[in-house]
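Here you go, one structure.
The values are calculated or read from the model by the stated rules, or taken from the named source; none is laboratory data. Predicted model only: the values in this text are computed from it and were never measured. Ideal geometry is used to build each Cβ from the backbone, glycine not excepted, and the neighbour counts take in all protein chains shown.
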Amino acid sequence: MSSFVILLIIIGVFVFYIVSIYNRLVQLKNRFKNAFAQIDVQLKRRYDLIPNLVETAKGYMKHERDTLEAVIAARNSAVSAQTAASADPANAKAMESLVKAEGQLSGVLGRLFALSESYPDLKANQNMMQLSEELTTTENKISFSRQSYNDSVMTYNISREQFPNSIIANMFNFGEAKLFEVSDEAVKQAPKVTF
């Protein structure tokens, strides 16, 4: 009888250990999803600012129509990618699409700001200065949110790769989470906004 009780205790400890690993992985996964939600808020703010910025610049930059259209196209592409990534931040393919779209958007925004240097009236426009300041603040918040997200992803990935957590992670389909990092060196920096 005592060996049966000991066996039940061992099985109970083993089950408790598996459940605790599972719960820890769930907690870490939810933590990185929450961190992505913080990025999501700032990206939506950024996407809302861009059309206003383009409209303000449109009156001054009549000869730069291609650049303005490229900004709007990149913004729309980023919004689509952001929507897909928001639906499931654990989806590696959606995160890769978002990172790529964000890189393209940063590139065309940089081009827009570089061109705007040639238009002194645009630089002096109060609305343009305010939008630029808001965009700069938003870019900084995105950077901080992205850092927090990447830290959460790293903690999650380390936990799911450690033994014996890796066995539990594979049994319950805890996939690898992707970092939010821009691979193109030209767009790693936030667009420089100076007016």
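Please find, among ILE18, ILE50, ILE39, the residue that is within 29 Å of ASN170 (Cα to Cα), within 23 Å of the chain's Cα centre (by Cα) and β-branched (Val, Ile, Thr).
Values: ILE18 fails: within 23 Å of the chain's Cα centre (by Cα); ILE50 fails: within 29 Å of ASN170 (Cα to Cα).
It is ILE39.
Can you confirm whether GLU69 is exposed (fewer than 13 other Cβ atoms within 10 Å of the Cβ) and under 25 Å from the mean Cα position of the chain (by Cα)?
Working: exposed (fewer than 13 other Cβ atoms within 10 Å of the Cβ): yes; under 25 Å from the mean Cα position of the chain (by Cα): yes.
It is true that GLU69 is exposed (fewer than 13 other Cβ atoms within 10 Å of the Cβ) and under 25 Å from the mean Cα position of the chain (by Cα).
Scanning for something more than 25 Å from ASP66 (Cβ to Cβ), surrounded by 14 or more Cβ atoms within 10 Å (Cβ to Cβ), modelled with pLDDT of 95 or more and more than 16 Å from the chain's Cα centre (by Cα), does region 147-154 turn up at least one residue?
No, that holds for no residue.
Can you find even one residue in region 20-27 that is hydrophobic (A, V, I, L, M, F, W, C), buried (at least 17 other Cβ atoms within 10 Å of the Cβ), assigned to a helix (DSSP H, G or I) and in contact with a Ser or Thr (Cβ under 7 Å, 6 or more places away or on another chain)? Show your work before the answer.
Initially, region 20-27 is screened for residues hydrophobic (A, V, I, L, M, F, W, C), giving 21, 25-26.
Restricting the remaining residues to those that are buried (at least 17 other Cβ atoms within 10 Å of the Cβ) gives 21, 25.
Right, trim to assigned to a helix (DSSP H, G or I) and you get 21, 25.
Imposing the further condition that a residue be in contact with a Ser or Thr (Cβ under 7 Å, 6 or more places away or on another chain) reduces the set to 25.
Yes: one or more hits.
Answer yes if at least one residue in region 79-97 is part of a helix (DSSP H, G or I) and touching a Gly at 6+ places or on another chain (Cβ under 8 Å), and no otherwise.
First, the residues of region 79-97 that are part of a helix (DSSP H, G or I): 79-87, 92-97.
Okay, now just the ones that are also touching a Gly at 6+ places or on another chain (Cβ under 8 Å), so 92.
The answer is yes; a qualifying residue exists.
Can you tell which of LEU115, LEU109, LEU131 is aliphatic (A, V, I, L, M), surrounded by fewer than 19 Cβ atoms within 10 Å (Cβ to Cβ) and touching a helix residue (DSSP H, G or I) at 6+ places or on another chain (Cβ under 7 Å)? Show your work before the answer.
Numbers: LEU109 fails: surrounded by fewer than 19 Cβ atoms within 10 Å (Cβ to Cβ); LEU131 fails: surrounded by fewer than 19 Cβ atoms within 10 Å (Cβ to Cβ).
It is LEU115.
Is it true that SER118 is in a helix (DSSP H, G or I) and hydroxyl-bearing (Ser, Thr, Tyr)? Write out each step before concluding.
Details: in a helix (DSSP H, G or I): no; hydroxyl-bearing (Ser, Thr, Tyr): yes.
When the stated conditions are applied, SER118 does not pass them.
Here's something else I'd like to know. With (1) at pLDDT 95 or above; (2) in contact with a Lys or Arg (Cβ under 6 Å, 6 or more places away or on another chain) as the list, and ARG31 as the residue in question, which single condition is left unmet?
Of (1) at pLDDT 95 or above; (2) in contact with a Lys or Arg (Cβ under 6 Å, 6 or more places away or on another chain), only one is false for ARG31: (2).
Please work out which residue is farthest from the chain's Cα centre (by Cα), limiting yourself to region 57-66 and to residues that are touching a residue at least 12 places away in the same chain (Cβ under 8 Å) and in a helix (DSSP H, G or I).
Only one residue fits best here, namely GLU64.
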